[in-house]
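What follows is a set of notes on a single structure, which appears directly below.
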Amino acid sequence: MKSANSGGSKNNKVVVVGGGGGGLCAAIAASEAGAGEVTLLEKLPHLGGDTLISDQIISAAGTELQAKAGIVDTPHQYLVDHLKGGRYKSDIVLAATLIQKGAAAWAWLADKGCQFPGPEALHVQHDHSLARSVKLLPPGMIPPLKQAALARGVQIFYNTRATDLLVEDGRVVGVKAEQDGQPVTYQADSVILASGGFGRNREMVKETCPALVEAVSWSSPGNTGDGIQMAQAIGAAVVSYPDMPLDAFRVIQTGADVKHKVLHPTYMMAHTRAQGAILVGADGKRFYDEMGRSFEVVQAAMTHGSFYFLIFDGRMATATAWLPEKTFEAQLESAVNDGLVAAQAPTLAELAEKIAIPSTALEETVAQWNRDVEGGKDTAFGRTESLGKIEQPPFYALRYKPAIVQTLGGLRISPQAQVLDSMGRPIPGLYAVGQITGGVHGADYIGGSALLELAVFGVIAGENATR
Ligand SMILES: Cc1cc2nc3c(=O)[nH]c(=O)nc-3n(C[C@H](O)[C@H](O)[C@H](O)COP(=O)(O)OP(=O)(O)OC[C@H]3O[C@@H](n4cnc5c(N)ncnc54)[C@H](O)[C@@H]3O)c2cc1C
């Protein structure tokens, strides 16, 4: 039944779909703004989504922590970095809203029990020009937000998958869901969608970027694009990149279908590349400046197939062996055990045979690379950093493929977190926050700005849904 107070009195009902960081922030904010009843639906048996498994890095400009550290920063400087990082594809008003409200969002999160480290922990995240990021102290974002939500009386229903939005006279008035397999309906004055991205929906990935269909996904298993599809079904518009399909994803290079905490492929890539390692496709040929930005390397790699190899030699392996946790040999062994294709051989020809790529091509690629290193110029791709010869046996190959970390396309929203239709008009009663939306980040993401987004737009959505 629709609430008698439909239209925004302090007795209104708000339903939030998705119990990650965005959903929890929105639910708390709605309750703080005076909503009479706040209900949060989570399809998995636990809260958290991607927010729970994230690295807990959060960024903001003009924070108290920066002031304590004597770091002079401005929202304007962050915005400049953000727009550049998003390759100028962000919605500038959404981006400015994110950044302008960033410092206040940190204070809001701290007030909810999220623990920030001291000023010494401030560091420069990728694509930022200044130290404005920290890693939240354990237990990270989700447990304190869950406590804060429960303390405010937010009702949380687990194993409850929202399936459809209910619409009456053009206004969203609730959600249909399946709870433990049974149909159930939640009436509401406003619905906030916070059900994350679509990294776990093979069909949506394939539709958006067929080249990524084989990619590993690091997303939480619940992130199958349900909210995007539900909103599209009632006319919501999406931000997408039809001419640049890979740009709808944040993709990085990984070693295998391993949990992301197993970082050895990433370390190996970084450390051996710094010594001169190269990447080759299944044809044994280089395809890009290996020191280029990750998404560019992946984009180039995709034209060669769904996987590629890091090639390095004994000198680089020894230089990598200082890695703190394990010796290089142990890492190599664990890479093999984790299903990563890793090989070692006394000659390049034997290495090529082991990884089933053409040996003549690999030998010629490495010979050309060595000539270029000697001449101080990468004649193929103009790589200027970390030129080093691959010549000292044994030779190594590690197999890589792209991993989807985040999806960047999603529902088009206003700065008030209202979901917009294809004419740019707000759909009454419908709000969205987090990875389900598109436009805040643009065509890439800069470190720590996704968690910031949850607090900034979560609060905006919660407050506006309660008006
Ligand atoms: C490995 C990894 C590391 C990352 N590290 C960082 C970092 O350090 N800093 C940073 O800023 N960003 C990071 N990110 C990105 C960031 O974590 C996410 O963009 C952000 O947490 C998304 O939050 P969300 O609330 O939108 O979605 P989520 O946290 O994913 O929550 C969505 C929730 O909705 C639920 N759900 C889905 N469909 C339904 C449905 N139909 N009904 C009910 N519930 C549903 C899901 O089960 C899930 O619990 C990382 C991402 C990954 C994968």
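The values are calculated or read from the model by the stated rules, or taken from the named source; none is laboratory data. These numbers come from a predicted model, not from an experiment. All Cβ positions, glycine included, derive from the backbone under ideal geometry; neighbour counts span all protein chains shown.
Please work out which one of (1) in the same structural domain as Ser54 (by TED's automatic domain parsing); (2) hydroxyl-bearing (Ser, Thr, Tyr); (3) surrounded by 22 or more Cβ atoms within 10 Å (Cβ to Cβ); (4) within 9 Å of the ligand (Cβ to nearest atom) is the condition Ser190 fails and give its number.
Condition (4) is where Ser190 drops out.
I want to confirm something. Restricting to region 28-52 and keeping residues that are more than 8 Å from the ligand (Cβ to nearest atom) and in a helix (DSSP H, G or I), which single residue is surrounded by the fewest Cβ atoms within 10 Å (Cβ to Cβ)?
Glu32
Filter region 11-27 for residues that are away from the ligand (no atom under 13 Å from the Cβ) and not in a strand (DSSP E or B); which is farthest from Leu430 (Cα to Cα)?
At the first step, the residues of region 11-27 found to be away from the ligand (no atom under 13 Å from the Cβ) are 11-14.
Right, trim to not in a strand (DSSP E or B) and you get 11-12.
Values: Asn11: 18, Asn12: 14 Å.
Among those that are away from the ligand (no atom under 13 Å from the Cβ) and not in a strand (DSSP E or B), it is Asn11.
For region 62-69, state whether one or more residues are touching an Asp or Glu at 6+ places or on another chain (Cβ under 6 Å) and within 12 Å of the ligand (Cβ to nearest atom).
no
Quick check on region 112-127. Is at least one of its residues crowded, with 17+ Cβ neighbours inside 10 Å, touching a Gly at 6+ places or on another chain (Cβ under 9 Å) and in a strand (DSSP E or B)?
Scanning region 112-127 turns up no residue that is crowded, with 17+ Cβ neighbours inside 10 Å, touching a Gly at 6+ places or on another chain (Cβ under 9 Å) and in a strand (DSSP E or B).
Looking at (1) outside the structural domain of Gln125 (by TED's automatic domain parsing); (2) in contact with a Lys or Arg (Cβ under 7 Å, 6 or more places away or on another chain), which one does Arg383 not meet, given that it meets all the others?
(2)
Just name the residue that is nearest to Val456 (Cα to Cα) out of those in region 90-127 that are among the acidic types (Asp, Glu) and touching a residue at least 12 places away in the same chain (Cβ under 8 Å).
Taking region 90-127 first, the residues among the acidic types (Asp, Glu) are 91, 111, 120, 127.
Applying the additional criterion that residues be touching a residue at least 12 places away in the same chain (Cβ under 8 Å) yields 91, 120, 127.
Details: Asp91: 15, Glu120: 24, Asp127: 20 Å.
Checked region 90-127; the qualifying residue nearest to Val456 (Cα to Cα) is Asp91.
How about region 80-95: which of its residues are surrounded by fewer than 19 Cβ atoms within 10 Å (Cβ to Cβ) and either touching a helix residue (DSSP H, G or I) at 6+ places or on another chain (Cβ under 6 Å) or not in a helix (DSSP H, G or I) (or both)? Outline the logic, then answer.
Keep residues of region 80-95 that are surrounded by fewer than 19 Cβ atoms within 10 Å (Cβ to Cβ), which gives 80, 83-84, 87-89, 92-93.
Selection gives Arg87, Tyr88, Lys89.
What tally of residues in region 361-406 results from selecting those that are of a type in the set (Val, Ile, Thr), buried (at least 16 other Cβ atoms within 10 Å of the Cβ) and either outside any strand (DSSP E or B) or touching a Pro at 6+ places or on another chain (Cβ under 8 Å) (or both)? Let's see the steps before the verdict.
Here is the first cut: in region 361-406, the ones of a type in the set (Val, Ile, Thr) are 365-366, 373, 379, 384, 390, 404-405.
Narrowing further to those that are buried (at least 16 other Cβ atoms within 10 Å of the Cβ): 365-366, 373, 390, 404-405.
Subsequent filtering for residues that are either outside any strand (DSSP E or B) or touching a Pro at 6+ places or on another chain (Cβ under 8 Å) (or both) retains 365-366, 373, 390.
So the count comes out to 4.
Quick one: which residue in Arg87, Arg132 is at positive phi and touching a residue at least 60 places away in the same chain (Cβ under 8 Å)? Give the derivation first.
Values: Arg132 fails: at positive phi.
When all the criteria are applied, what remains is Arg87.
What are the residue pairs meeting all of these: first residue in region 401-416, first residue at negative phi, second residue of a type in the set (Lys, Arg) and within 14 Å of the ligand (Cβ to nearest atom), Cβ atoms under 9 Å, and 6 or more apart or on different chains?
Hits for this filter: Ile404/Arg200; Ile404/Arg250; Val405/Arg250; Gln406/Arg250; Thr407/Arg250; Leu408/Arg250.
Would you please name the residue that is surrounded by the fewest Cβ atoms within 10 Å (Cβ to Cβ), looking only at residues in region 54-79 that are touching a residue at least 40 places away in the same chain (Cβ under 8 Å) and part of a helix (DSSP H, G or I)?
Step one: of region 54-79, the residues touching a residue at least 40 places away in the same chain (Cβ under 8 Å) are 54-66, 68-69, 71, 73, 77-78.
Keeping just the survivors that are part of a helix (DSSP H, G or I) gives 64-66, 68-69, 77-78.
Numbers: Glu64: 14, Leu65: 20, Gln66: 19, Lys68: 12, Ala69: 16, Gln77: 17, Tyr78: 28.
The qualifying residue surrounded by the fewest Cβ atoms within 10 Å (Cβ to Cβ) is Lys68.
Are any of the residues in region 1-12 in contact with a helix residue (DSSP H, G or I) (Cβ under 9 Å, 6 or more places away or on another chain), modelled with pLDDT of 95 or more and surrounded by 16 or more Cβ atoms within 10 Å (Cβ to Cβ)?
No, the conditions are met nowhere in region 1-12.
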